[in-house]
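Here the structure comes first, spelled out in structure tokens, and everything after it is commentary.
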């Protein structure tokens, strides 16, 4: 849910920024991008609330927090403001799918280590799960290990 929502907002915000970039004065460029991003997040939030209320309820406050996701503002500033609409949409799709993949990997490792399940399927008894991995600090621990693994693979 969160990955798909972020991907949609990335694609649409990149498209909008690439189309309006020449009309935005430099002094208000960043706030303008934030307003564009916020508009698309609002659309996503309203659509989720109307058509997928269970997902909307489970994501809660995290949907509006998409607005302050650095990926969105960073891609609007670094790519969409310097490229055309098609390239900007492709960039948004690629970045969004990468973000969704990272969320899926992070979540599945936490689920496996913390609850003994993998996408809801029991892998080992739940009582052997490590509690910290299902809590918020566990996300940071897993993220740290995943970054270390990626860095190690890059050096190899």
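One line per residue, one yes/no per condition, for (1) within 30 Å of residue 19 (Cα to Cα); (2) touching a helix residue (DSSP H, G or I) at 6+ places or on another chain (Cβ under 8 Å):
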{"position": "62", "(1), (2)": "yes, yes"}
{"position": "65", "(1), (2)": "yes, no"}
{"position": "88", "(1), (2)": "yes, yes"}
{"position": "124", "(1), (2)": "no, no"}
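Residues of the stretch 130-156 that are more than 23 Å from the chain's Cα centre (by Cα) and not in a helix (DSSP H, G or I): 130, 156. Scanning the stretch 104-129 for residues that are assigned to a helix (DSSP H, G or I) and modelled with pLDDT of 90 or more gives 104, 105, 106, 107, 108, 109, 110, 111, 112, 113, 114. Name every residue in the stretch 74-103 that is part of a helix (DSSP H, G or I) and crowded, with 17+ Cβ neighbours inside 10 Å, in order of residue number. 75, 76, 80, 81, 88, 89, 91, 92, 95, 96, 99, 100 - these are the residues of the stretch 74-103 that are part of a helix (DSSP H, G or I) and crowded, with 17+ Cβ neighbours inside 10 Å.
Table: residues versus (1) in contact with a strand residue (DSSP E or B) (Cβ under 7 Å, 6 or more places away or on another chain); (2) part of a helix (DSSP H, G or I); (3) at pLDDT 95 or above; (4) loosely packed, with under 15 Cβ neighbours inside 10 Å.
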position: 15; (1), (2), (3), (4): no, yes, yes, no
position: 20; (1), (2), (3), (4): no, yes, no, yes
position: 34; (1), (2), (3), (4): no, yes, no, no
position: 38; (1), (2), (3), (4): no, yes, no, no
position: 58; (1), (2), (3), (4): no, yes, no, yes
position: 61; (1), (2), (3), (4): no, yes, no, yes
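Scanning the stretch 44-56 for residues that are surrounded by fewer than 14 Cβ atoms within 10 Å (Cβ to Cβ) and touching a helix residue (DSSP H, G or I) at 6+ places or on another chain (Cβ under 8 Å) gives a single hit, 49.
The values are calculated or read from the model by the stated rules, or taken from the named source; none is laboratory data. The structure presented is a predicted model; accordingly, all values stated were derived computationally and were not measured. Positions of Cβ are generated from backbone atoms using ideal geometry, with glycine treated the same way; all protein chains shown enter the neighbour counts.
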